[in-house]
Amino acid sequence: MKNEIGIVYPAFENNNIPVVFACDVNFVPYFSVALQSIIENSTENNNYDIILLYRNISLITQKMLINQINKYNFSIRFYEMENIFKIYSTEKFWVPSSRSILAYARLFIPIIFKPYEKILYLDSDIICIDDVGKLYNYDIGNNFVAASRDLCDIGISHNTDYLQNFLNIKCLSDYFNSGVCIFNISTINKLNIFDKFLEIAYRNKGPWADQNVLNAVCQGNVLFLDYTWNVLVTPFFYPLSTSMSKGEVENILNSAKILHYTTPTKPTDIQDNIIAQPWWYYAAKTPFYNQLQYISLLKIKDIIQDKITYIEHLLDDKLHNYDIELEYNKEQLRKVYASRSWRITKPLRYICKLLRYTKNLDNYNNINVNVIIYNINKYIKYMIKFILFEIIYVIHKYYILKNCIKFFTKLCPQFKEKLKNIENDILNKRKMQINVIDRITNQQKRIFLLYQSEVFDAIMSKKYNGI
């Protein structure tokens, strides 16, 4: 098995700074940005040995990455991981949906890079704003790895019990982020630590996969780096840094040497956000800049489409509820006018209403005919005003809804035809409502007004005083 694994040797004899990445074809543009940041912050005293552990990256893409390097003290090589994954049956590894099997590639660094003393591993979603040679030259003694404590993942992963009880991680405050990590190759191979990596990896089911494995195996043998070498660019950084003062946090951000965009929200998702600007500065100088811009536009398009869909569903729900209410009211009105009791009691209701509005007279037996005529004229005026009021109200409400639909149509042109159909449907329903009113006889309208006179009297006394 050992003979089937390709061993990688240093690219330079002196001042060799080995930097290892791992990614597939989908993450190549992000790796290119990280590479550009290393190139621009390099020094002539060091020789930078870049190795990419990969799967499914074409020769054309590899050639683009090679051509990106324009300095004599840089070397870039590509190591295919497919063979190692088959040898060690990595299909048995548990991979979270948000990650790739290549996340486990860093566990195999000790056996791939045996001739090296140390290896600096970096995630592809980082940018370096200082020379990585300074980080590599840290004296890590006999520790297995050197890394920065993770201020974010423990606070949001909700897997504290799993880490403590299943993986037996004793001190969660020492849980580190493996996106920036120095491997002590000689010590790890001397103590056969790689076998322990595999043992934990086969039974690990935690959300952070390889990072859980490294924390479980290396606990107690970790040199903790300064936070500035792995500043986690995430909105969760501030609230979870409860052990630090605001001044300490600001000093870390102002002195950052490596920015790590560790959350699923990458700089391509937030191009206009201030925290993404340093990343886009380096991205603009890579051969994948146009592709990254396209990815960013697709993300923006998805966000807009989600908002449009939400607005459309909201409008549909409101129109649907309005249609249900309108149909219900019409049905209730039909039931009232079609009922036998309504037709039988028409004369009684008419007489009672007339008597009620003449109750201020001292003697009901001597009802003044002129008063009755006056009241009848008054109720006819009420009826006319009521009808006009209802028509104005209906038209006003219709134009408000129409203006809303026009605004929505401007915002979402692709739904213009559908919204026009909705507008026409509403217009037809309004016409149906007016037709229903027209079908009511004049006598029914008058009786209806008389029956509702107390309510109308209160309304009209405010809105149509003096009528």
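If the Cβ limit is 9 Å and pairs must be 6+ apart or interchain, which residue in region 11-24 that is among the basic types (Lys, Arg) and at pLDDT 95 or above pairs with which residue that is buried (at least 22 other Cβ atoms within 10 Å of the Cβ) and in a strand (DSSP E or B)?
none
Residue-by-condition table, conditions (1) among the charged types (D, E, K, R); (2) at pLDDT 90 or above; (3) under 35 Å from the mean Cα position of the chain (by Cα):
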position	(1), (2), (3)
PRO29	no, yes, yes
ASN46	no, yes, no
TYR54	no, yes, yes
ILE60	no, yes, yes
LYS92	yes, no, yes
PRO96	no, no, yes
CYS128	no, yes, yes
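Starting from region 286-311, keep only residues that are without any contact (Cβ under 8 Å) to a residue 12 or more places away in the chain and surrounded by 15 or more Cβ atoms within 10 Å (Cβ to Cβ), then list their pairs with residues that are among the aliphatic types (A, V, I, L, M) and assigned to a helix (DSSP H, G or I) whose Cβ atoms are within a distance under 6 Å, requiring at least 6 positions of separation or different chains.
Note: pairs meeting the criteria are TYR289/ALA283.
Can you pull out every residue in region 100-142 that is basic (Lys, Arg) and surrounded by fewer than 18 Cβ atoms within 10 Å (Cβ to Cβ)?
LYS114, LYS134
Within region 150-192, which residues are at pLDDT 90 or above and surrounded by fewer than 19 Cβ atoms within 10 Å (Cβ to Cβ)?
The answer is SER186, ASN189, LYS190, LEU191, ASN192.
I'm checking my understanding of the structure. Among residues of region 1-44 that are surrounded by fewer than 22 Cβ atoms within 10 Å (Cβ to Cβ) and aromatic (Phe, Trp, Tyr), which one is farthest from ASP123 (Cα to Cα)?
PHE12
Against the condition of a type in the set (S, T, N, Q) and modelled with pLDDT under 75, how does GLN293 come out, does it pass?
no
Let me spell it out: the conditions are (1) in a helix (DSSP H, G or I); (2) over 30 Å from SER42 (Cβ atoms); (3) charged (D, E, K, R), and LYS134 meets all of them except one. Which number is the exception?
For LYS134, the failing item is (2).
Any residue that is among the hydroxyl-bearing types (Ser, Thr, Tyr), out of contact with any strand residue (DSSP E or B) (no Cβ under 8 Å at 6 or more places or on another chain) and farther than 30 Å from SER255 by Cβ - is there at least one of those in region 161-175?
Yes, that holds for at least one residue.
Are any residues in region 88-99 surrounded by 18 or more Cβ atoms within 10 Å (Cβ to Cβ) and of a type in the set (Phe, Trp, Tyr), and if so, which ones?
Answer for region 88-99, where residues must be surrounded by 18 or more Cβ atoms within 10 Å (Cβ to Cβ) and of a type in the set (Phe, Trp, Tyr): TYR88, PHE93.
Might you check whether a residue that is farther than 28 Å from LYS134 by Cβ and loosely packed, with under 15 Cβ neighbours inside 10 Å occurs anywhere in region 251-260?
First, the residues of region 251-260 that are farther than 28 Å from LYS134 by Cβ: none.
No; the residues of region 251-260 include none that is farther than 28 Å from LYS134 by Cβ and loosely packed, with under 15 Cβ neighbours inside 10 Å.
Take region 262-307 and flag every residue that is of a type in the set (Phe, Trp, Tyr) and not in a helix (DSSP H, G or I).
If the condition is that a residue be of a type in the set (Phe, Trp, Tyr) and not in a helix (DSSP H, G or I), then PHE288 is the only one that fits.
Mind telling me which of the residues ILE38, ILE57, ILE50 ends up being touching a strand residue (DSSP E or B) at 6+ places or on another chain (Cβ under 8 Å), in the same structural domain as LEU120 (by TED's automatic domain parsing) and over 21 Å from VAL180 (Cα atoms)?
From the options ILE38, ILE57, ILE50, the qualifying one is ILE57.
Please work out which one of (1) buried (at least 21 other Cβ atoms within 10 Å of the Cβ); (2) touching a Phe, Trp or Tyr at 6+ places or on another chain (Cβ under 8 Å); (3) within 28 Å of ILE127 (Cβ to Cβ) is the condition TRP229 fails and give its number.
Among (1) buried (at least 21 other Cβ atoms within 10 Å of the Cβ); (2) touching a Phe, Trp or Tyr at 6+ places or on another chain (Cβ under 8 Å); (3) within 28 Å of ILE127 (Cβ to Cβ), the lone unmet condition for TRP229 is (2).
Can you find a residue in region 49-58 that is surrounded by fewer than 20 Cβ atoms within 10 Å (Cβ to Cβ), under 24 Å from TYR281 (Cβ atoms) and polar (S, T, N, Q)?
No: zero hits.
The values are calculated or read from the model by the stated rules, or taken from the named source; none is laboratory data. Owing to the predicted nature of the structure, the values given are computational and were not obtained by experimental measurement. Virtual Cβ from ideal backbone geometry, glycine too; neighbours counted across all protein chains shown.
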